[in-house]
Amino acid sequence: MSTSEEISALLVNRFGTDPEAIRPEVPLRHLRLDSLALEELRLLIEDRMDIDLEDVVLSSRDTVGHLVEAVCSKAGA
């Protein structure tokens with residue numbers, strides 16, 4: 001499963017996000033992710049992908065694509 005697919009699966013299964021709404025250009029706030037939800041998502045990604053995202057700062061204004069890029073950069077490091 002690709003990084004994008006992993007993140008999409010978490011968004012759908014844990015946050016009830018509509019799969020059709022998850023596109024690279026969509027801001028996370030449009031997926032109804034507030035700061036608490038973003039922190040929970042970060043921890044879930046860390047656990048599932050066994051990476052450290054502690055220094056990755058996410059805001060609800062970031063896009064899905066930005067999140068995927070940040071995770072990919074950490075996974076490849």
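What to note about this one:
- Using the 1.4 Å probe convention, the accessible area of the chain works out to 62 Å² per residue with neighbouring protein chains retained.
- Interatomic Cα distance distribution for the stretch 25-68, bins of 5 angstrom, percent: 5, 25, 34, 24, 12, 1
- Radius ratio Rg over Rh of the chain, counting only Cα atoms, Kirkwood formula for Rh: 0.91
- Between Ala37 and Ile22, the distance separating the two model label sites (each 7 Å from Cα on the Cα→Cβ line) works out to 1.3 nm.
- Local charge for Glu54 was computed over the other residues whose Cβ lies under 9 Å away, with Lys and Arg +1 and Asp and Glu -1, and equals -2.
- Spin-label model, Arg29 to Ser2: label points 7 Å out along the Cα-to-beta-carbon direction sit 2.8 nm apart.
- Between amide H atoms placed 1.01 Å from N, distances below 5 Å from Thr63 occur with Leu28, all of them 5 or more places distant or on a separate chain.
The values are calculated or read from the model by the stated rules, or taken from the named source; none is laboratory data. None of these values were measured; they are calculated from a predicted model. Note that each Cβ is placed from the backbone with ideal geometry, even for glycine, and that neighbours are counted across all protein chains shown. Surface accessibility is based on the protein's heavy atoms, side chains included, excluding ligands, DNA and RNA. Shrake-Rupley method; radii C 1.70, N 1.55, O 1.52, S 1.80 Å.
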